[in-house]
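Accompanying notes for the structure given below.
The values are calculated or read from the model by the stated rules, or taken from the named source; none is laboratory data. The model shown is predicted, which means the values in this text are computed figures rather than measured ones. Don't worry about glycine lacking a Cβ; one is built from the backbone with ideal geometry, like all the others, and counts go over all protein chains shown.
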């Protein structure tokens, strides 16, 4: 490809696929159409568990996610609406999380299965003590023994990892940490209500490695006040730190605190052109330095939980505001801690909504997940499972992405092109929007941003 052809391709991706800073909605890593979710009836608990056991038929491995919805403070970029510290509420929630796992165990959800990965997310999971995390791991191991190559991952902020915490996490069975750095730019961190230094991260990485743990660093793109120059500085620091894995995450304007920042200082909003350039730079850098990202995963070493999820392994998620995916069955737990707790105390699954994906939605989901792996969607496997070729079944989305040169199709499969990999978030938004328009012909895309100032019109 000549430089002129490459520039023309970038322009096509920029102008016809890319969703920008205000139009982007984080759909990753899985597919769901929220409008199709149905409210759960407490009278149908037995029916739900029967459908779950059916969905798990033939599955001998599972992924498990556990949500800890507490933080010491709410960062302005956060989309999880965490609960502030409360020792009594945290203890109560921990006990109910244990009860929820035991409830699913009593209904046969773990029977005959092994756990391939356990992932503690939040919030800030290290609001729980390492010993509490160990109790949860042990309970899961009792009901679904760990696979020989299983991993146990915990998200953390740099400030939550006091020197003795990492070895205690290791003793609890944790072997991987995911650290939300977001950036090392002190001015941008202040706007995010964060503070940490490269030296602090260097100590965390060294301590993790000394304790036999792998470590991922999250870096966000498009934060308020972020510039191409500050991203360059972040990349230089990462080259010195040499974490095992780095994940670049696009900023999604969902938090009212961040909207307030932009209302007061609109000049801090990153332009669409700058965010496009940041995304290119970050993914080129990660490729040059041998780091895998969504869209080009080839193995499960760096992001084991994500990798097996994308390969279609069932995900059982526990805790408030979680979403589980078991083949065609998708279900969400209550977000409100009070409702979540009341249902657990009554011996009910703490569900809010659920859905059985239609045959067409299952095919959209197979494409959505499969293209986040470098090998892409295997056409023969797709035909065997769904009785039709992916290019025939999903002509609208495959044809559209092919015209945009975001995917390539050959006789073996459908996979992302290089720029499709770099802008995989936009590809996933495109698939989601196409699927929604198939169900709702008048669908107009409005991101989850708060306030009319940050609402984008239809694409």
Q: Go through segment 1-24 and give me each residue that's assigned to a loop (DSSP other than H, G, I, E, B) and either in the same structural domain as residue 279 (by TED's automatic domain parsing) or free of Cβ contacts under 8 Å to residues at least 12 places away in the same chain (or both).
A: 1, 2
Q) Quick one: is residue 42 touching a strand residue (DSSP E or B) at 6+ places or on another chain (Cβ under 8 Å) and either more than 28 Å from residue 255 (Cα to Cα) or modelled with pLDDT of 85 or more (or both)? A) no
Q. Looking at 104, 65, 93, which one is assigned to a strand (DSSP E or B) and touching a strand residue (DSSP E or B) at 6+ places or on another chain (Cβ under 8 Å)?
A. 65
(Q) Of all residues being under 24 Å from residue 439 (Cβ atoms) and touching a residue at least 12 places away in the same chain (Cβ under 8 Å) in segment 35-44, which is surrounded by the fewest Cβ atoms within 10 Å (Cβ to Cβ)? Just the residue, please. (A) 39
Q) Can you tell me which of 402, 415, 365 is in contact with a strand residue (DSSP E or B) (Cβ under 7 Å, 6 or more places away or on another chain), under 28 Å from residue 287 (Cβ atoms), part of a helix (DSSP H, G or I) and not assigned by TED's automatic domain parsing to the domain that holds residue 275? A) 402
Q: Could you please find all residues in segment 118-153 being part of a strand (DSSP E or B) and modelled with pLDDT under 95?
A: 122
Q.
Within segment 258-352, considering only helices (runs of 4 or more DSSP H) that don't extend past its boundaries, which have at least 2 residues that are surrounded by fewer than 21 Cβ atoms within 10 Å (Cβ to Cβ) and free of Cβ contacts under 8 Å to residues at least 60 places away in the same chain?
A. 272-288, 337-345
(Q) Yes or no: segment 227-242 includes at least one residue that is crowded, with 17+ Cβ neighbours inside 10 Å, assigned to a loop (DSSP other than H, G, I, E, B) and on the phi < 0 side of the Ramachandran plot. (A) no
Q: From the list 54, 76, 115, pick out the single residue that is outside any loop (DSSP other than H, G, I, E, B) and surrounded by 15 or more Cβ atoms within 10 Å (Cβ to Cβ).
A: 115
(Q) Would you confirm, using the coordinates I've provided, whether residue 47 is surrounded by fewer than 18 Cβ atoms within 10 Å (Cβ to Cβ), assigned by TED's automatic domain parsing to the domain that holds residue 303, within 30 Å of residue 219 (Cα to Cα) and modelled with pLDDT of 95 or more? (A) no
